[in-house]
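To start, the structure under review is shown below, and the notes come after it.
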Amino acid sequence: MRSRASTSPSGLAPYAAHDTASRGRRYPEPPSEYRNEFQRDRDRIIHSTAFRRLVYKTQVFVNHEGDHYRTRLTHSLEVAQIARTVARAMRLNEDLVEAISLAHDLGHTPFGHAGQDELNDCMREYGGFEHNLQSLRVVDELEERYAAFPGLNLTFETREGILKHCALRHARELGDVGRRFIERRQPGLEAQIANIADEIAYNNHDVDDGLRSGLLTIAQLEEVPFVAEHLRAVRAAYAGAEPEIVAREVVRRMIGALVGDLIRTSQQAIAEACPETIDDVRALSKPLIGFSEPYRNAQATLKQFLREHLYTHPHVRRMTDRARETIRLLFDAFSADYARMPPKYASRAAAAEERAGKAGAARVIADYIAGMTDRFAFNAADALSQGRPIA
Ligand code: MG
């Protein structure tokens, strides 16, 4: 691969994802008159039912705990915003990173990671449950909006970005989009950006929500050198500022610093690897988008801090325990009697059992539970315990 400074007519770098060179959709469609292929993907994602449900799904705090915490929807918007900034600065495809970012959590269960872990436990004998894989299932199969095909029929590039991780046994069943996990190849740069933008977004907004909730304090956060550094700078610049303003200013500066380092370091890595096309990027054994070592460490330390002080805080634990019980109750009840689900799912589970045995029915149940919002899951569990039908 030789170095090349040229850009495509679109102004994008030659190694960006170009919608005109997309690997296409599973069901071929004529092009849209006014939008490129990735803009069309983004629009389909925004119009999906799964996207609207994100507003009532937990990020860390359950939806009813307060009006100002992040939900999966606002999280996804923040990811998209960060990813677009990075993509634009690097002459990569902003429409594609936006589509991937907005779709990346569509497969998330209610109640954040606690919900996903419990559903995975419930599904242990039936192939497990992975939220990345579920996001792909949502856009490939579960959304019912179009007469001509199941799912949203998104481009290969958007689907490639949505499937961030997946177990090898699943990768083998996924055809083109699973192949890179078997061959240990990379996705395109836009997918790599969306992946890291997710990390930047949740680490920083969890600090913000943690402080807002009172579960974290500024004094605790001073243990983290990366936070302490920005705290010192903000206090020096704005002596006497309210603690809430100081905290928000710190979060804002941390995001800015991470994004800046990500762009500089990734540009350097691209200059060294000299990819000419997206397929050159895909053929590499390592991603090109990433932080410098100090920033990688800063992110890792922050993540570790949040694990110790926020995600395992007794208040969050109480919520996650209740979340896990709720998911387990729903799964057991539906498994014991499919008719406890609405008729559409009950008949699907019965048909899946005919076709694929217990594992087939369990997948239908997992799809139904994963699609629920936090409050729908709580209400459904209440209804079941009281012998009422699920409304
Ligand atoms: Mg996410």
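Neighbours of R184 by Cβ distance under 12 Å: Lys/Arg scored +1, Asp/Glu scored -1, total +4.
For a quick protection proxy, order the peptides 16-29, 365-378 by their average other-Cβ count within 10 Å, most packed first. Spell out each step's value before the answer.
Numbers: 16-29: 16.6, 365-378: 22.1.
The most tightly packed comes first, giving 365-378, 16-29.
D140 sits with roughly 10 Å² accessible to a 1.4 Å probe, with DNA, RNA and ligands left out of the calculation. Here the simple spin-label model places points 7 Å from the Cα toward Cβ, and for R375 and S10 these points are separated by 4.0 nm. Normalised by the number of residues in segment 190-343, the mean separation of alpha-carbon contacts (under 8 Å, six or more apart) gives a relative contact order of 27 percent. Could you work out how far the C-alpha centroid of segment 275-295 sits from that of segment 136-158, in angstrom? Measuring centre to centre over Cα atoms gives 28 Å.
Determine the share of the chain's accessible area contributed by carbon and sulfur atoms, expressed in whole percent, with a 1.4 angstrom probe.
Values: 9100 of 18060 Å².
About 50 percent, which is the carbon plus sulfur part of the accessible surface.
Send over the per residue convex hull volume for the chain, Cα only, as a whole number of Å³.
On the way: hull volume 59.2 nm³, N = 391.
Measuring per residue, one finds 151 Å³ for the Cα hull of the chain.
Here the gap between R328 and R296, fully extended at 0.36 nm per residue and compared with their Cα-Cα distance, gives a gain of 7.9 nm. Taking every C-alpha pair closer than 8 Å and separated by at least 6 residues, the mean separation divided by the residue count of the chain gives a relative contact order of 21 percent.
For E183 and E242, a Förster radius of 35 Å and the Cβ-Cβ distance give a FRET efficiency of 0.10, rounded to the nearest 0.05. Which of the pairs K57/K286; K164/K286; K164/K303 have their Cα atoms more than 24 Å apart in this structure? Check vs 24 Å cut-off fails for K57/K286. Annotation for segment 186-252: chymotrypsin sites (Phe, Trp or Tyr not before Pro) lying in DSSP loop with at most 15 further Cβ atoms inside 10 Å of their Cβ are Y238.
The order of the peptides 248-259, 34-45 by mean Cβ neighbours within 10 Å, most packed first, is 34-45, 248-259. Put a plus charge on the Cβ of each Lys and Arg, a minus charge on the Cβ of each Asp and Glu, and nothing anywhere else: the dipole of the chain about its Cα centre is then about 360 debye. Here's the picture: a label point sits 7 Å out from the Cα of E141 along the beta-carbon direction, and within segment 323-352 the residues with their amide nitrogen under 15 Å of it are 345, 348-352. Counting Lys and Arg as +1 and Asp and Glu as -1, what is the net charge of the other residues whose Cβ lies under 11 Å from the Cβ of L174? Overall, the nearby charge balance is +2.
The values are calculated or read from the model by the stated rules, or taken from the named source; none is laboratory data. Not measured: the values here are computed from a predicted model. Counting neighbours? That spans all protein chains shown, and the Cβs are built from the backbone with ideal geometry, glycine included. Quick note on the areas: whole protein, heavy atoms, side chains included, nothing else; ligands and nucleic acids left out. Shrake-Rupley method; radii C 1.70, N 1.55, O 1.52, S 1.80 Å.
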